Amino acid sequence: MDFPFPIMLLVTLVASLGFALFFNVNKRRIIPATLGGVFTWAIYYVLSLYIEGIFIPVVIASIFAAVFAETMSRITHTPVTGFFIISVIPLIPGRALYYTMYNAVSGNLSACGEFGIMTMLYAGGIAVGICVVTAVVQTWDVWAADKAKRIAKMVRNCLLYTSDAADDK
């Protein structure tokens, strides 16, 4: 059964808000964190209409969630985790995980395997999205810190050089 897109957005908004409240997100950050979940899910849903399979839409939506969390974290000077968890919650494969366990307990191993693969595709897509963004951000931070050190060293050397030149006169 497929629900209309606005209804799905509303349900995602309520679920993301509920998790933001559950995880005790700061009052000023509840709305941005909740909107991160809604946007992440909307991206996943629209991509899943045009791209066959689960993995690629989940990876792209997860990349969006991680970029959104990193951006909001830097804007609000808070840890990334609060924004990222709320943003990625709508991608968690609750249905697939439930049916994997249900069929495993029921002894229906073929259905268990099908839902298990689906669950792994969701989990793998989320993990790949997180890893891609985290690797890029950490590489950028190291590069920026190294560049700042080199600039500081150049300024220090320049100041020492001009100071030595002034002493020579």
Criterion first (aliphatic (A, V, I, L, M) and either in contact (Cβ under 8 Å) with a residue 12 or more places away in the chain or within 30 Å of ALA111 (Cα to Cα) (or both)) does ILE85 satisfy it? yes
Please determine, by comparing only the residues of the stretch 89-122 that are without any contact (Cβ under 8 Å) to a residue 24 or more places away in the chain and among the small types (Gly, Ala, Ser), which one is nearest to PHE22 (Cα to Cα). GLY94
Answer yes if at least one residue in the stretch 25-39 is under 16 Å from GLY82 (Cβ atoms) and outside any helix (DSSP H, G or I), and no otherwise. yes
Which numbered condition GLY53 fails, given (1) small (Gly, Ala, Ser); (2) surrounded by 14 or more Cβ atoms within 10 Å (Cβ to Cβ); (3) closer than 28 Å to ILE117 by Cα: (2)
Under 8 Å by Cβ, and 6 or more places apart or on different chains, what pairs join a residue from the stretch 24-47 that is touching a residue at least 24 places away in the same chain (Cβ under 8 Å) and surrounded by 20 or more Cβ atoms within 10 Å (Cβ to Cβ) with one that is outside any helix (DSSP H, G or I) and of a type outside the set (Ser, Thr, Tyr)? ALA33/VAL25
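Suppose we filter TYR98, TYR122 for residues that are part of a helix (DSSP H, G or I), surrounded by fewer than 18 Cβ atoms within 10 Å (Cβ to Cβ) and among the aromatic types (Phe, Trp, Tyr); which single one remains?
Selected residue: TYR98, the only one of TYR98, TYR122 that is part of a helix (DSSP H, G or I), surrounded by fewer than 18 Cβ atoms within 10 Å (Cβ to Cβ) and among the aromatic types (Phe, Trp, Tyr).
Since every read-out is calculated from the coordinates, none of them should be taken as a lab result. Please read all numbers here as calculations on a predicted model, not as lab measurements. Cβ coordinates were reconstructed from backbone atoms using ideal geometry, including for glycine residues, and neighbour counts include every protein chain displayed.
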